[in-house]
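First comes the structure, then the notes that go with it.
The values are calculated or read from the model by the stated rules, or taken from the named source; none is laboratory data. Quick caveat: nothing in here was measured; it's all calculated off a predicted structure. In this analysis, Cβ positions are derived from the backbone assuming ideal geometry, glycine residues included, and neighbour counts consider all displayed protein chains. For accessibility, only protein heavy atoms count, side chains too; no ligands or nucleic acids. Shrake-Rupley method; radii C 1.70, N 1.55, O 1.52, S 1.80 Å.
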Amino acid sequence: MGFSTMKMLATVMVSVMVAANAPAGSWQKVYEARDKGLPKTAIEELKPIIVDAVQNKRHAEAIKAICTKIAFEGQIEGNKAEEKITRLQDELAKAPAEMKPVMEAILSDWYWHYFQQNRWRFQQRTQTAEAPGKDFTTWDLPRILAEIDKHFTDALANERILKATPIEQFNDLLEKGTVPDTYRPTLFDFLAHEALAFYQAGEQGAAKAEDAFEVAADSPVFAPVRDFLTWKPDTTDTDSPKLKAIRLYQNLLNFHQNDTNQTAFMDADLLRLAFGKNQAVGPEVNDRYKGALKRFTDQWADHEISALALFQVATMLMAENDLVEAHKLAKRGADVFPKSYGGIQCYNLVQQIEAKQVNITTERVWNEPWPVIALNYKNIDKVFFRAVPYDFNALMGRQPRGYQGLMGIPWDQREKFIADLIAAKPASVWDAALPATSDFRSRTEKVAVAKDLKPGFYVILASHDAAFSGDNNQISAATVWVSDLALVVRQRQSEGGLDGFVMRNLTGQPVSN
């Protein structure tokens, strides 16, 4: 969803990770064994924790302990993902009914993680006429995706109980995110969004049916909620992940549409629109998505989630180069809900649009008739220049791969190189006024060069800050020779090599010696 609500600790437990503020008691012994690198001891300490948590219906703690135990067992035996999946399947078979939905979701995630690590193997296998066996390491792509789907379906099967289970009952298992529980108030919400992440993933496209269901841009996917809820897509592709995602969004919206606190409803609706943007086909997708987001921000203008919708519209407008309107909407979101996730995103976008920019290019040799500096810039109205004399041979010596201008200086040395130039005494300083870029777009102007420079080698620095400070300032640089000499080079036709002719630049007269 672009920001985190919560995640299952167990789903990401490739290695055992626990918060630093570990509780006292039995768990403390587990963590001490972990810190000493004693996984077998940790497993023995976990066994009574599992028994006690199951007996006393502390289901979240029991699941956490089981998954932690599996992770330690995996450490001992080489961290093979397939063995962890097998162990979790065994634990799932004997787990109490109250624990099964979350464990099914964890199992789905572990299968999914295994698939992602071995995607190339699954994609290379051809689908067989016979059903694959029980060894999931030999399955083809449709079979592994179907198994993940099955476990998510099983996780959501007992919908009534899941919807009645407050998410805080699983605080022992879940790692808090950056927004409150009102975004995912029940266990059903959490598991449904876990499943939606899978159904909307890109890998689903690799196993499309011949009659694959497509979401049309003019379908109710972008319609008001009341029309979206009555939508019954007509398709023979009943196993379509997109179809399952639509039904899950309809379920979530139905579930929350009469809530006193409608945060979960708004969140599901905004994610539904993003699903349409990412999955719908047709030339009017962007227009319908923007229209739906405008409707959303108008309807929920007094809720912090509207700032996230404003950010999404502004991002689209920015991609379309409508920076003025993008800036207006992002500024609105940042000003109204500055501490919300969407408000912070809007603020960052405003900073990006308002960012000052200055880049210079110019001819490598300056002499009469004097060239110009081509200045590409935005969000500034004046630029300042310094011409700093430099030893050309010393610059060549700093470039291990041969002279490439300033680009040949290794990355780790460039910052100090520019700082030293700024600290040095310039041979000339000048500035130029620039037309304002009120549309926030980059603009190129040609400005005059300094004509008081003696022959020699210089680094030209450009800055939108007169002091050339390093804070909130961009400094651009280019190297030039000031010289009335020109070099004409030609290829030798017979013995190979190059000939060079030195001449006066203005007259073309050769220079002896």
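For a Förster distance of 56 Å, can you work out the FRET efficiency between the beta-carbons of K356 and N171, rounded to the nearest 0.05?
Given R0 = 56 Å and the Cβ-Cβ separation, E is 0.75.
If packing is taken as the average number of other Cβ atoms within 10 Å across a peptide's residues, how do 245-256, 304-315 rank, most packed first?
With the highest mean Cβ count within 10 Å placed first, the list reads 304-315, 245-256.
Counting only Cα, what are the radius of gyration and maximum Cα-Cα distance Dmax of the range 327-385, in Å?
Gyration radius and largest Cα-Cα distance of the range 327-385: 18.5, 58 Å.
Starting from one equal scatterer on each C-alpha and no solvent at all, send me the Debye-based log10 I(q)/I(0) for the range 194-340 at q = 0.15 Å⁻¹, two decimals.
-0.81
Determine the per residue accessible area of the chain with all protein chains present and a 1.4 angstrom probe, expressed in square angstrom.
52
Principal axis lengths of the range 62-180 from Cα atoms, whole Å, largest first?
44, 36, 33
Provide the packing ranking of 500-506, 487-493, i.e. peptides ordered by the mean count of other C-beta atoms within 10 Å per residue, highest first.
500-506, 487-493
Semi-axes of the equivalent ellipsoid for the range 60-129, please: Cα gyration tensor eigenvalues, times 5, square-rooted, ordered largest first, whole Å.
Working: eigenvalues 123, 48, 18 Å².
Over the Cα atoms of the range 60-129, the ellipsoid semi-axes are 25, 16, 10 Å.
For the range 247-298, with all protein chains present and a 1.4 Å probe, just round the carbon and sulfur fraction of the accessible area to a whole percent. Please report the intermediate quantities before stating the final value.
Working: 960 of 2190 Å².
Taking all protein chains in place, the range 247-298 shows 44 percent carbon and sulfur surface.
Which one of V447, N513, I422 is farthest out on the positive end of the charge dipole of the range 385-513, using unit charges on Cβ (Lys, Arg +1; Asp, Glu -1) and the Cα centre as origin?
Sorting the options by dipole projection puts first N513.
From the helices alone, meaning DSSP H stretches of at least four residues, give me the mean residue ellipticity at 222 nm for the chain, per-run term -39500 (n - 2.57), in deg cm²/dmol to the nearest 500. It would help to have the intermediate numbers written out before the result.
Numbers: 18 runs with 231 residues, N = 513.
Using -39500 (n - 2.57) per qualifying helix, the result is -14000 deg cm²/dmol.
Above 15 Å lies some portion of the pair distances; for the range 417-509, what is it as a whole percent of all C-alpha pairs?
Tail of P(r) above 15 Å: 74 percent of Cα pairs.
Could you tell me which residue out of I161, L191, I148 lies farthest along the dipole of the range 146-192 toward its positive end? Charges go on the beta carbon: Lys and Arg +1, Asp and Glu -1, centred on the Cα centre.
Final value for the positive-end residue is I161.
Within 10 Å, count the other beta carbons around each residue, average over each peptide in 163-169, 100-106, 436-442, and list them highest first. Each step should come with its number before you reach the end.
Working: 163-169: 15.1, 100-106: 24.1, 436-442: 13.0.
In decreasing order of mean packing, 163-169, 100-106, 436-442 become 100-106, 163-169, 436-442.
With just the Cα atoms of the range 352-466, tell me how far they stretch along each of the three principal axes, in Å, largest first.
44, 35, 23
For E495 and A97 in the same chain, what is the full-extension length gain: residue separation times 0.36 nm, less their Cα-Cα distance, in nm?
134.5 nm
Any chance you could list the semi-axes, whole Å, largest first, of the equivalent ellipsoid that the Cα gyration tensor gives for the range 234-305, using √(5λ)?
Values for the range 234-305, descending: 23, 18, 7 Å.
From the cross-link list K242/K290; K29/K150; K64/K244; K80/K150; K69/K242, which pairs have alpha carbons spaced over 26 Å apart?
Long pairs (Cα-Cα over 26 Å): K29/K150; K64/K244; K69/K242.
Helix 187-199 versus the longest principal axis of the chain: what angle, 0 to 90°, nearest 10, using Cα atoms?
Tilt relative to the chain: about 50 degrees.
Quick one: length gained pulling W370 to T260 fully straight, 0.36 nm per residue minus the C-alpha distance?
32.4 nm
In this model, which of K382/K416; K294/K378; K356/K446 are farther than 22 Å apart at the alpha-carbon?
Listed pairs above 22 Å: K382/K416; K294/K378.
Can you give the convex hull volume of the alpha carbon atoms of the chain per residue, in Å³?
Dividing the Cα hull volume of the chain by its residue count gives 267 Å³.
With no solvent and one point on each alpha carbon, what is the Debye value of log10 I(q)/I(0) for the range 273-391 at q = 0.11, 0.15, 0.17 Å⁻¹?
-0.53, -0.73, -0.85
Along the Cα→Cβ direction, 7 angstrom out, place labels at D234 and R398. What is the inter-label distance in nm?
It is 7.1 nm.
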